[in-house]
Amino acid sequence: MNNKIWLSSPHMGGTEEKYVKEAFDTNWVAPLGPNVDGFEKDLESFLGNDVHVAALSSGTAALHLALIILGVKASDEVICQSMTFSASANPIAYQGATPVFVDSEERTWNMSPEYLEAAIQDRIRKGKKPKAIIVVHLYGMPAEMDTIMEVADKYEIPVVEDAAEALGSSYKGRPLGTFGAMSILSFNGNKIITTSGGGALVSPNEEWIKKARFLATQARDNAPHYQHSHIGYNYRMSNICAGIGRGQMEVLQERVQQRRNNFESYKAVFGANEAISFHEEVSADFYSNRWLSTVLVNEDSGISREDIRLALEKQNIESRPLWKPMHLQPVFEDAPFYGDGASERLFKDGLCLPSGSNLLQTEIERVIKIINTCFSNVSQTT
Ligand SMILES: *Cc1c(COP(=O)(O)O)cnc(C)c1O
């Protein structure tokens with residue numbers, strides 16, 4: 001059997017161990033310390049635009065704190081992009097609030113600004129103005145941020161950017177994660193850079209970031225004993241994990257380039273295949289980190305995305321359907337949804353191809369060969 005090819009696996013740069021060793025040598029083996037401070041500063045200078053950053057235990061924790069700080073409570077409604085990973089929507093439920101799902105547009109695969117406005121108007125008509133809007137940059141592709149911010153500003157609803165997949169991407173030259181009132185990042189093992197597990201909350205509002213650090217460390221009031229006036233959480237990033245993050249920040253730009261090269265390799269071969277279309281940067285305003293290279297497979301060709309996924313799996317290669325929209329998930333079946341099914345069509349035809357920054361050219365060639373075989377087999381039988 002050939003070596004396993006993963007969808008997206010961790011890729012160390014080399015200096016991570018130096019920072020982790022420093023943590024051991026100085027006994028900063030705790031959810032605070034110089035690596036946590038250093039990693040936050042690295043992220044702040046990478047993102048620019050005067051943002052502040054709190055390093056946390058996961059992207060999900062970051063989103064939970066964002067909603068708490070924005071005052072989301074039980075019986076509130078929060079708008080969320082339907083096509084995404086469940087972690088974008090779960091924190092709404094943690095707060096006892098109701099998610100209101102909005103469809104994607106085919107252009108960017110991200111939140112449709114038209115359905116966003118339709119949803120806001122209808123929820124207001126029904127008696128409740130949504131408390132926040134969670135917009136996601138799927139697979140690293142920027143959402144239509146100008147139009148989305150325009151709609152959000154018009155109704156004065158704060159935007160939370162879920163940039164878990166989009167560190168290193170930009171829209172009109174400005175890094176994703178700097179548009180929202182708050183934004184979240186993830187450093188899970190399969191993301192563009194990793195701390196083994198971790199996340200961050202980003203905001204231009206320094207008070208909010210201070211509050212996030214306070215809530216993330218059990219909300220201890222300033223007193224010699226343990227005194228609490230708020231419900232707290234154990235959501236801070238460990239100094240060991242942050243050491244990995246500091247090393248990873250040194251290679252982030254390189255990782256973006258490597259993942260963009262993967263996409264170009266796939267496109268150079270399949271660009272001419274009429275059954276396959278790509279998740280395109282629709283204008284020069286959009287710059288994707290290409291976290292995952294994704295394609296749509298038109299099954300009228302005789303080959304479906306599932307045929308390709310199974311053929312790859314047989315050869316020990318991991319690929320994956322696109323995110324199944326949240327409005328189709330059993331756990332959210334009662335939640336309101338606004339859209340025309342664009343996300344359902346994307347889910348039906350979409351496939352994420354192996355996309356790690358550590359993929360060898362020979363491994364990409366293996367993937368390409370198997371996909372080409374799927375198509376040549378079908379053309380021989382018809
Ligand atoms: C990975 C991911 C998250 C969650 O991040 P964790 O660090 O795994 O909690 C949230 N949203 C999206 C879109 C993601 O891909």
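The values are calculated or read from the model by the stated rules, or taken from the named source; none is laboratory data. What you are looking at is a predicted structure, and each value in this text was computed from that prediction instead of being measured. We place every Cβ from the backbone using ideal geometry, glycine too, and count neighbours over all the protein chains shown. For accessibility, only protein heavy atoms count, side chains too; no ligands or nucleic acids. Shrake-Rupley method; radii C 1.70, N 1.55, O 1.52, S 1.80 Å.
Consider all pairwise Cα distances in region 316-355 and report the whole-number % of them above 17 Å. Percentage above 17 Å: 41. Ranking 287, 94, 235, 266 from most to least accessible surface, computed with a 1.4 Å probe over the protein chains only, gives 94, 287, 235, 266. Of all lysines in the structure, the ones whose alpha carbon falls short of 30 Å from that of residue 18, not counting any fewer than 8 places away in one chain, are 4, 41, 191, 210.
Between region 4-68 and region 172-232, the alpha-carbon centres lie 11 Å apart. Net charge of the neighbourhood of residue 278, taken over other residues with C-beta under 15 Å away and scored Lys/Arg +1, Asp/Glu -1, is 0. Heavy-atom accessible area for residue 28, with the other protein chains in place and a 1.4 Å probe, reaches approximately 100 Å².
Per residue, the convex hull spanned by the Cα atoms of region 170-288 measures out at 151 cubic angstrom. Dividing the convex hull volume of the alpha-carbon atoms in the chain by its residue count gives 146 Å³ per residue.
For region 63-126, trypsin sites (Lys or Arg not before Pro) are listed when DSSP marks them as loop and at most 13 other Cβ atoms sit within 10 Å of their Cβ; the list is 73, 126. The label point for residue 26 and the one for residue 328, both projected 7 Å from the Cα toward the Cβ, are 4.9 nm apart.
When 144, 117, 299 are compared by accessible surface with a 1.4 Å probe, the order from highest to lowest is 299, 117, 144. Take region 16-251 with all the other protein chains still there, run a 1.4 Å probe, and you get 38 Å² of accessible area per residue. Out of the total accessible area of region 16-251 (probe 1.4 Å, heavy atoms of protein only), what percent is carbon and sulfur? After summing per-atom areas, the C and S share lands at 51 percent.
Got a number for carbon plus sulfur as a percent of region 253-381's accessible area, 1.4 Å probe? Carbon plus sulfur share of accessible area: 48 percent.
Taking a point 7 Å from the Cα of residue 75 along the Cα-to-Cβ direction, the residues of region 95-134 with backbone N closer than 14 Å to it are 96-98, 127-129. Once all protein chains are placed together, residue 37 keeps about 80 Å² accessible to a 1.4 angstrom probe.
The three principal axes of the C-alpha atoms in region 253-381 carry coordinate ranges of 46, 44, 28 Å, sorted with the longest axis first. Here residue 338 sits with roughly 30 square angstrom of accessible surface, probe radius 1.4 Å.
Of 82, 319, 265, which has the largest mean-square fluctuation in a 10 Å C-alpha GNM of the chain? Sorting by GNM fluctuation, first place goes to 265. Largest first, the residues 370, 124 sort by 1.4 Å accessible area into 124, 370. Computed over the chain, the per-residue total of -39500 (n - 2.57) for DSSP H runs of n ≥ 4 gives a 222 nm mean residue ellipticity of -11500 deg cm²/dmol, rounded to 500. For region 1-78, the equivalent ellipsoid derived from the alpha-carbon gyration tensor has semi-axes of 30, 23, 14 Å in decreasing order.
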